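In what follows, a single structure is set out as structure tokens and then discussed.
Just so it is clear, none of the values below were taken in a lab; they were calculated from the coordinates. What you see is a predicted model, and the numbers here were worked out from it, not measured in a lab. Cβ coordinates were reconstructed from backbone atoms using ideal geometry, including for glycine residues, and neighbour counts include every protein chain displayed.
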Amino acid sequence: MAYLCKLSDIADPGAKGIDPEGAPEQPGVIVVRHGGAVYGYVNACPHQGTPLETFPDRFLDRDGRHLICTTHGARFRITDGSCVAGPCKGQSLAPVALTVEDGWVRRES
Ligand code: FES
């Protein structure tokens, strides 16, 4: 179990990308806050496997309602990672189990 970041580092709504420690070839994790809840996803678009963001921590659309892949514009529901529009519609981001404890976001696996 790894500590990823402080919960207070992320606005609500907001998101933060966490790169893997010591394994730069592995995809990172996206931590998303929305509606008081916290969600985690592997930072790899199901369309082509690329990271979603172009600029650091820019994962959400303007309204803060969807995660967006900047490569081809796929949109993903924050609550379950499913693609609702774009070239990978019907596919999903891979979930990452997270817990929040004492103000820290921790990865379960
Ligand atoms: S790589 Fe994400 S939409 Fe194409």
Check your understanding: Say the dipole of the chain comes from +1 at the beta carbon of Lys and Arg and -1 at that of Asp and Glu; which of GLN48, PRO20, ALA85 then lies farthest toward its positive end?
Key -> ALA85
Practice item. Kindly write out, for the stretch 100-105 in residue order, the coupling ³J(HN,Hα) from the Karplus curve 6.51 cos²θ - 1.76 cosθ + 1.60 (θ = phi - 60°), rounded to whole Hz, with x marking Gly and Pro. Key: 10, 9, 6, x, 10, 8
Revision key, fill the gap. Residue-ordered couplings for the stretch 32-47, obtained by feeding phi - 60° into the Karplus form 6.51 cos²θ - 1.76 cosθ + 1.60 and rounding to whole Hz (Gly and Pro as x), are 10, 10, 7, x, x, 9, 10, 10, x, 9, 5, 7, 8, 5, x, 5
Exercise for review: Would you mind getting me the FRET efficiency between HIS72 and ARG107? Use the beta-carbon distance for r and R0 = 22 Å, nearest 0.05.
Suggested key: 0.20
Check your understanding: Semi-axes of the equivalent ellipsoid of the chain: what are they in whole Å, largest first, if each equals the square root of 5 times a C-alpha gyration tensor eigenvalue?
Key -> 21, 16, 12
Practice item. Might you report the magnitude of the Cβ-based charge dipole of the chain about its Cα centre, with Lys and Arg at +1 and Asp and Glu at -1, to the nearest 20 debye? Key: 380
Check your understanding: Which whole-number percentage describes the relative contact order of the chain, with Cα contacts under 8 Å and a sequence gap of 6 or more?
Key -> 27
Practice item. Please give the length that would be gained between GLU25 and SER8 if that part of the chain were fully extended, namely 0.36 nm times their separation in residues minus their C-alpha to C-alpha distance (nm, one decimal). Key: 3.3 nm
